1. Along the Cα-to-Cβ line of B:Ala75, 7 Å from the Cα, sits a label point; which residues in the range A:97-124 have backbone N less than 20 Å from it?
2. In whole Hz and in residue order, list the ³J(HN,Hα) couplings for the range C:271-285 that follow from phi through the Karplus curve 6.51 cos²θ - 1.76 cosθ + 1.60, θ = phi - 60°; x for Gly and Pro.
3. Round to a whole angstrom and tell me the spacing of the C-alpha centers of the range A:55-75 and the range A:164-182.
4. Which residues' amide hydrogens lie under 5 Å from the amide hydrogen of C:Thr337, considering only partners 5 or more residues apart or on another chain, with H built in the peptide plane?
5. Along its three principal axes, how long is the range A:112-200 when you only count alpha carbons? Whole Å, largest extent first please.
6. Amide H neighbours of C:Asp139 under 5 Å, counting only residues 5+ apart in sequence or on other chains, H built in-plane at 1.01 Å?
7. Can you run phi through the Karplus equation (6.51, -1.76, 1.60; θ = phi - 60°) for the range A:45-53 and list ³J(HN,Hα) in whole Hz, with x for Gly and Pro?
8. In peptide A:159-172, what is the residue-averaged number of other protein chain Cβ atoms found within 10 Å of each Cβ?
Amino acid sequence: MSGRPAHTPAPVIETHGLTKVFGRQTAVAGLDLSVPAGSVFGFLGPNGSGKTTTIRMLLGLANATSGSASVLGEDMPRRLDAVLPRVGALVEGPAFYPFLSGTANLHRLDAADPHSQPTTRRQRVAGALERVGLQHAAAKKVKAYSLGMKQRLGLANALLRPRELLVLDEPTNGLDPQGTREVRNLVRSLAAEGITVFVSSHLLAEVEQICTHAAIMRAGQLVAQGTLAALRAAGRPLVVVRTPDAGPARGVLAALGLVPGPAGLVPGPATQAVDDMDGPPVTAQFPSAVDAAPAGTPRAEEIVAALVRGGVRVRGFSMESGSLEDRFVELTGEGFDVVR
Amino acid sequence: MSGESSPEGHGGGWNAPGEEPPAAAPYSAVAHGREGSAPGPVAGLPSGRPGALPDGRPAGAPTARARARTWPFLASELSVMFRRRRTWAMLAALAAVPVLIAVAVRVTGAGSGGEGPAFLDRITHNGLFVVLTALVLCTPLFLPLTVGVVSGDTLAGEAGLGTLRYLLAAPAGRARLLLVKYVGTAVFCAAATSAVLLAGTVAGLALFPSGPVPLLSGDLVDVWTAEGRIVLVGAYVFVSLLGLAAVGLFISTLTDVPVGAMAATVVLAIAAQVLDALPQLDWLHPWLFSHWWLGFADLLRQPVEWTSFGNNAVLQLGYVLVFGALAYGRFATKDVLS
Amino acid sequence: MTRQWIRWMPAAAMPAVIAAAVLAGPLQASSTVDLPHRTPQQVLALMAGNTVHQLSGTVQESARLGLPQLPDLGPGSPGQRASLGPGASSGATAGGTSAAARNPLKAATITRLLGFLTGPHTVRVYLDGAGRQRVQVLDKLAERDLIHNGTTVWTYNSATNKATETTLPGPGMRNPRLHNAKMHNPKLHNPKLPRALAPGAFEQTPSALAAELVKGLDPTTQLSLGPNTKVAKRGAYELQLIPRTTKTLIGKVTIAVDAATGLPLRVTVTARGQDSAAVDIGFSTLDLAAPPASTFMFTPPPGTSVTRRTVPAPKLHPHAVGPRAHARTHAAPKVDTSGTGWAAITEAPAGTVPSDLTAAPAVARLLQPVPGGHALSTALFTVLITPGGALYAGAVPLAALEQAAAAR
């Protein structure tokens, strides 16, 4: 499952066997996460899959039951004081003092950092508010803010100081489409500045649009991680054969170790373009992802050759890697909010 | 309140002892990390970014950065506390106690025959007794109530709002946050005592005659000496509340529900006084934080009896140490999940 | 995670540190005190020859007599002067003119006296020569004062804001002479002295109680010296008085005698078979310098209700001789004594006890009905009130009192 290109320096976030157990419930089980520097890393998973718990452990808010984590190359939570000033965070939604103004809230949080410069605080707060478009509401009490404004204020807090890593937990929650777009642009611009952004989300579309890398959590376990492209590719490819000889084709494919779909099945959008002049196409799925496939797994041209050798009239052949969404559903199981 | 003037400038002084074994190392490490990665992402930041303002990245940054500043955080804590309407409501309620006493005595002319709280019958002779009567009423009940609210709210309140996770991610540092919270509560204790003292003095002097004040021993002292004694009494009451504040701080680390922590602290304050009144438990009495609360009267004797002040201070210090350590143990190991 | 328990270390260490600090105190106190060797008799003589007539000190008193603690009756009640001991009601006892003296067993007085006996008290004592004394009983949020300066004795109670001024007979010269006589009298006690005027005459001071206790010293008492001790930071010999008879409730009496001056610093009385003292009266602080003269000046504050009276020349009652002070409150009526030494029983004839006494709720709580009437049993002494109002008291078990009553 290693999606890390060899040239990348040390990962910005790296965990080994990170585990968190609450009582009898295991929230995070043996997490091996690796977030490359400079990436926009999508941390995907349904609600309750352990994303926020993982973020809490990465930020030193919760103690790991076992395993280790390092952030920006430093051991966490042992080097928490050295690491956290370099990390901007939005954890599980924004939280502010409702009786204080937006500016006062940011001043408060900035003062909490023992290493922030009091002399530049005013400028930095104003700059951060401007960056998230809250300069006009800066003097308003936070209790008068909408959820979207609070979310922006939370982002402003993460941007109070120059950061090397931003950890954003569900950053577009509560934002209208316009706000969502703005956040996306903000993340892109931050990434362009070279900041590593770690975005957790249960929304696939969000991740697909802004991320270069992703990891997928399911019930406390990491089920996949890597570049977005690799994740897409890592879906078990689907072989689609257009042929009038459905029976023999299925036999040949099965002999090659693929898993033919049931007759007449139209499994995915990729097969829909096929007209019915030959009847429904024959489909077969690889038993495992290409990356992790054993050496004996046939390549596309070998499959075609075998079909032809088997007397199958191949009128069309394609190998679909599937969408990320298929992959996501496949990995996490259905029954949750995949798309907005 | 400038960070430069802070005495704990020698980095790491306020940090959790267990968190950073070599006190000065982490911050130099920060600098290293930044310098080391400077050619990479950070150097690429456009200078218009808020964080790229003179935040110490240029020359001299490591030393400036190695300074842990806690005074601004404490100032921020106090400003948050005193920007809450609740804080002012409590101070106003406390200030109302002596005013109500003064007005009631003035209107009814009551206060003869030794009925009611101590010193009540003296008010008509001397206005300064308003303060003392108010303190007799406030010390066992109203002051612990307000201190219970403030100390119970310290961490549970932040947890309830969710701001605790942001403070810790700032990173405030758990020991440092605990310390700032405790000092903030202590400042409130002083403010609460002062509210009673000031309102009582003003109301007493406005509504009643002043003049030489009889002490408990029957000796008369002039108004300024008496006012000095009253300030001493205020100091005594302030010290008396510190133990309860530490207990409240510890309780506050146990829960994310601020109301629960407040209620538990207030209940403990009352329970301690009930236990103090049970003669069967006299072995326990010297260990109760409320045991010396009303001993401030010893400062009104001639000559001043300092024993109870000393005993009280030692007792409260013990509570602060024990419950401070418990609060640290709990808070530093706690999973912040709010 | 090993780091977690490290963070609990302070919480574990703090109670240990405090426990160590608390335990270190007594350890230090119990470390040996080096004093020149003396025999019990020499210590007794040292005590008799004590020359202290100037001091300021704080006396801690506690009595655990096995009585239920009475509800705080409020320091305000005038009768609580009784708890200042005969010293406070000095004029009364000496002159026999006050109501309290005529009927010392007034229910309220007794109740308050018992209230005093059941709770701990802190008393500050100032002495300067024979004629100047001040005693302050430090109550919660209140204070009772007795100021004796020459021929004037003030009492002041801050809770009731009442004061009494008593003018003693004769020109100021007389009493000091008597005091000096007493202070240098090796016999320690001159029964003809107005007790109120003797230095430290209040029951509260260890000196007075010690004087009472050694007064009746005879072969029925085994006299010995315990290990040297420290009281109020002063090295002291510890006299131990152990009754040879088993008929008394008293098991042991200790008197800590200041090695430098002979001043009794602490007295404890332990009941037979008990380990901890039932009565413990001792200085917690002591300064032998003269208190400032202003200490003995007293002007009642404005608004105080002042009672004034003058005491004629004293007619003194010989006091019942007994090892204890408690039974002596009822000095006025005819009093007989039977038995000797520690087991002596004081008897007051029928009619001494007003019928309303046993009915007073606070007293009734303390009394238990017994075949011979009502009894008050404490760790150190027993009082029996017969239905006829006769009173028997002594540091003896109840059975001994019943026997004495039956013998009448």
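1. A:100-124
2. 6, 4, x, 9, 9, 9, 5, 7, 10, 9, 10, x, 6, 9, 9
3. Comparing the Cα centres of the range A:55-75 and the range A:164-182, I get a distance of 23 Å.
4. Sorted by chain and number, the residues that satisfy this are C:Glu347.
5. 37, 33, 18
6. HN-HN under 5 Å from C:Asp139: C:Arg144.
7. Listing the rounded values in order: x, x, 4, x, 8, x, 5, 5, 4 Hz.
8. Averaged over the peptide's residues, the number is 3.
Since every read-out is calculated from the coordinates, none of them should be taken as a lab result. Predicted model, so just to flag it, every value in this text is computed and none were measured. When we count neighbours, we look across all protein chains shown, and the Cβ atoms used for this are built from the backbone with ideal geometry, even at glycine.
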